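Undergrad: Structure in structure tokens, see below.
The values are calculated or read from the model by the stated rules, or taken from the named source; none is laboratory data. The structure displayed is predicted, hence computed values, not measured ones. FYI the Cβ positions are ideal-geometry reconstructions off the backbone, even for glycines, and counts take in every protein chain you see. Only protein heavy atoms, including side chains, enter the accessible area calculation; ligands, DNA and RNA are left aside. Shrake-Rupley method; radii C 1.70, N 1.55, O 1.52, S 1.80 Å.
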Amino acid sequence: MTSTPDPAPPAGNLDPAIAARLKRGADGLVPAIAQQYDTGEVLMLGWMDDEALHRTLTTGRCTYWSRSRQEYWVKGDTSGHVQHVKSVALDCDADTVLVKVDQTGAACHTGDRTCFDADVLLLDQ
């Protein structure tokens, strides 16, 4: 008996033209990079499914899918460190989302400005 992989999640409320272009992982998710819109600073990486992307596009606030909690979360709802969406783009392969935001406060759950502040592996020498 062979098992078949789980199908991608339904598009839900996401515009069907956008949903048709997305290349999701086996778990139905795409990585979403949050970047400060005016400085280019890379803030964090989160995960979105179709519904999280739809909410992000329509509310002006970043919504992600928590893989550990298995639920949606809107950045800043509990911390106050809100991400106001300025633009959303797909990369050339349609397998990664870039969300340019205006970040209020820390982007990282550790309290750092970005998730990439604490563990720098190489600096320009």
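Undergrad: Among (1) part of a loop (DSSP other than H, G, I, E, B); (2) buried (at least 18 other Cβ atoms within 10 Å of the Cβ); (3) touching a residue at least 60 places away in the same chain (Cβ under 8 Å), where does residue 38 come up short?
TA: Every condition holds for residue 38 apart from (2).
Undergrad: Also: Of the residues 86, 100, only one is closer than 25 Å to residue 17 by Cα, touching a residue at least 60 places away in the same chain (Cβ under 8 Å) and among the basic types (Lys, Arg); which?
TA: Result of the check over 86, 100: 100.
Undergrad: Which one is modelled with the lowest pLDDT, of the residues in region 13-35 that are open to solvent by 60 Å² or more (accessible area, probe 1.4 Å) and part of a loop (DSSP other than H, G, I, E, B)?
TA: 13
Undergrad: Take region 79-95 and flag every residue that is farther than 22 Å from residue 117 by Cα and either over 12 Å from the mean Cα position of the chain (by Cα) or in a loop (DSSP other than H, G, I, E, B) (or both).
TA: 86, 87, 91, 92, 93, 94, 95
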